[in-house]
1. Heavy atoms only, probe 1.4 Å: what % of the accessible area of the stretch 560-719 goes to carbon and sulfur, would you let me know?
2. What FRET efficiency comes out for the pair residue 831/residue 245, r = Cβ-Cβ distance, R0 = 60 Å, nearest 0.05?
3. To the nearest Å, what is the center-to-center distance of the stretch 167-189 and the stretch 1-48, using C-alpha atoms only?
4. Search the structure for amide H atoms under 5 Å from the amide H of residue 611, placed 1.01 Å from N in the peptide plane, and list their residues when 5 or more places away or on another chain.
5. Using DSSP loop states and a limit of at most 11 other Cβ atoms within 10 Å to flag GluC sites (Glu not before Pro), what is the longest stretch of the chain containing no flagged site?
6. Using the structure shown, select from 149/323; 70/231; 521/840; 13/249; 705/840 the pairs with a Cα to Cα distance greater than 32 angstrom.
7. Could you work out the local net charge near residue 808, counting Lys and Arg as +1, Asp and Glu as -1, over the other residues with Cβ closer than 12 Å to its Cβ?
8. Quick one: net charge around residue 262, please, counting Lys, Arg +1 and Asp, Glu -1 for every other residue with C-beta under 11 Å from its C-beta.
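The values are calculated or read from the model by the stated rules, or taken from the named source; none is laboratory data. Every value quoted in this text rests on a predicted model; they were computed, and no experiment measured them. Cβ sites come from the backbone with ideal geometry, for glycine too, and all protein chains shown count toward neighbours. For accessibility, only protein heavy atoms count, side chains too; no ligands or nucleic acids. Shrake-Rupley method; radii C 1.70, N 1.55, O 1.52, S 1.80 Å.
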Amino acid sequence: MKSPHQVNYIDWKPYGPSNGALASFLSVAVHRGEKMVGVFCTQLPPEIEPRNSSAYLQDFIDDLSTTFEKFRYGSLEDKIYPPPTQPITDGFIAANDIWDQLKPLLIQEEQDMAAVRLLTEQLAEAAASLNPLLLDGAWEAYPALEGAKIQTSASLLLLLQRLTRDAVRFALNGQSAAFQGDIKSVDENLQALMNGRSGRRLVSKNDIDIVSSVEGVELLKLLETAWLLQKPKLVEFFDMTTPGEANLKSLIDAADDTRTAAEKVMQHVSTTTRTTTLIEVHVLTPVPLSGRWAAGQTFRTALRLAESLINNDQLILPGYELKHDIMDDECDGGKGADVVVSANTARDTYVALAGMGCNEVCRQVATLSASLKLPFLSFYCPTPDFSNVAVHPQLARLGTVLEPHLPQIMSELKVRHAWSHIFVISCDSSYSAEAERYVEILQNVGIRPTSLSPASDKRFEDIQNLMSGIKEQTTGEQRVVLVVGDETFFRTLICASITARLHSGLTWISFGVQRSEWWKKSDLSTSAQRQWVSETAGSFQFVKAFTELKTGWDLFRQSTEATRSVLTELYVTELKDALITVDGGESYHQAHQEWHPIYRSLLYRRKYYDIFFFDIEGNMIYSVYKEADFATNFAASSNGPWKDSGLGRVYQEAMANPDDIHYADFAPYGPSGGAEAAFFATGVRDSTDQLIGVYAIQLPPDYQKSIEDQVPECSLEAINAAYEGAVSVVGLGKPVSEDMEKPLPCFKGHSPRSFRALLDHHLQNGFPEGDLSTIVSDPYDDVKGLAVDGACAFAFSLQSMLKQGYTMGQVQHPDDEVYQRFTSFLRTSMDFQGISGRVKFGGNDRANTLAIQQVRQGRSTAAGHDTADPGSIEVGLVDPQGLRWLDNGTVADAWKIEPVPPFEQMWLIQAAVPWLNLDEEYPHETMMF
């Protein structure tokens, strides 16, 4: 009001309405013509508040003085103990003496900056000399304590503070600093915390395990983001001739964010490394990471997330760390049994046996579990055979048994859609028993079944002949097909319906869990190969192996041609993959000796023909088999002999688009004796996201392409359209809607809804986030919660054993009493809210809900629910009120009856009587095409 013609400024002062916080204002008069009609005023944002440097300095002095006192004499309240050795004590005293000299200089109004600078440097040097003493002391006293991780996080914070100090000095007096070295050290320390650090062979005090907790990963991401914003500002600032006050303030604001993030990381690392000092409790966990039903990848990521939260919370098993030793049972009973026997031989302290999703694996492993006295919990294995407690007294499972409820469901569907006849098509003999059970169910509810099976499920012609037979038998009728087999067979069957010219609008039915929206995706084998390539190329281990082999290649000889010539002579021999190393002290031979057994083992495990590493110049710097292509060049601009081959093409495509996976189809390949060869390849990036090379594999000779890549008519779009309206019956795999917000006793602060959202995030981004080996692009959504609840079930069971007075040692080496107590709690007493629903067993099975799903507009939607009571399963009882339809239930919009051509109508009328007589005489038909 006093100065209406200027912008007025009120300095920072306490302001009551803002809870007494400092506030500053700008104001200006508002005029209408010549008349002042009001005042416009704004309160300035807090972030531009001037820094009260004196207050900050005094807080720092007080904090550091208190810290010195605590570390010198100990503080029971903060769990800080006095220095354990004389050298550490001497180091603290020396540092404290310097601090006692520096402190009075800092609080003087007229500071002696030269003396302050000198003592500050001396204090930093004293602190730096203490670090190795503390690390050595921690390593000697308790090797499991992650001293290197704590030290690295502290060093990172120190470097950030030093960079800020140097920036201030540069702005005030132009004093330059060697900031590039500190920036590089920040990068290295940050990468060590994010990606881990280990020596080549033996565990050492300098090793750093990757931060894997959810909180730790998030804090590191925030730190990385803040540093990536500050780093270019630092470089730009030090490149200025005379940086101004605004430049310095902008830099310090960014530095504050980075420092705050670094302090939180250091605090987290310092307080949560306690989990590495806990007693490890191991659960033997074979799961199907590969095979015809590969939900194990979904299980693995879910388990890693669940055990991390359980271990970090320390609420259920204080003092212990739950670990699942995950191994691939390949969805094969024999392989599963071998895995269990081998693992238990190597470690005799397992407390339980979990995982297993495939019926034959459960069948063989459950018997083993009793002899090993390992409590058994399967995540799936839904066959009704396992409900018989007398036959399988040691087996418990989280998967939902479908068969007891199928009669009611199929009877309802029969009435709703007037179904009278269903084709039951099974993949091969391994599915025949399951198909026979479904045939019996259909007969009992008054539906005529016809059993079909192709002569070979591997030959598309046989499957197409089967579908052609259905077309000929059912012209003018509703076609309902129940498929019993894996998703690869199902996809091929749909394709065969397209090529056999069956009309669109068939009714497809299936029972059991497959990948989410599998009909829109390539076959499991193709998806698995792509997943493996991405997983390997993105792993920290691979980048380390690649880097060491590449360094050895570069240092081997002065010229590339000399390197190529000598390495070819040494490694391309009759021994092929059996050659581990050769004589010589060159680093290439050392790297090859270390890494070749690992990638040779990977080759055999995944049945590859060969594995290749390429540098960005096109040189093949490593392969497992060392055929004639080893050490040659595959760049398009080179004169390499195989650059125009399929392998050359995928290498060149991967260099052009390194984040994609590239495929070259089977074609003769010279180095493999002219045999047909197919390849996958993708780019390789280091920890700074720089492209450093290409990883490629030569596929197994028996690799089968996904059907959409074999049959032009069967694009994924065409298969999706043909599958519209399909009905499936599965275990719901999640709580009903009214239970989705209930608290989870296993995970503090989570409900089923929030935890499932967290799990979905990590299935998409890996756990820890960014770990490509745990990213699951095609999860088995209907069973993803079962692994989480399985981890909780064992955590609660172990808690119960400890509360009963048993020791963990007794649980690890149980007698009959301990084994029976553990199993009894798991199967009869345990009851908790899980992310897949209520977890309580009746006999071998748990209460759960069945879901009737239907594909509508390309997406699977819930059409109905049926409550499954495990107490009724063995006696075959079903609650008639358990089935309830959602919205309109299943709808027939996509199902169509193929019109009968006019010239065929008379023939059908003439054939109707013998067909009906055949139905009466043979109510169930079995046919082989």
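1. On the way: 3440 of 6820 Å².
Its accessible area is 50 percent carbon and sulfur atoms.
2. 0.35
3. Measuring centre to centre over Cα atoms gives 40 Å.
4. 624, 625, 698
5. Values: sites that count: 34, 77, 109, 110, 574, 713, 741.
Within the chain, the longest run free of exposed GluC sites (Glu not before Pro) spans 111-573.
6. As for pairs spanning more than 32 Å Cα to Cα, those are 70/231; 521/840; 705/840.
7. Numbers: positive: none; negative: 280, 321.
The answer is -2.
8. Net charge around residue 262: -2.
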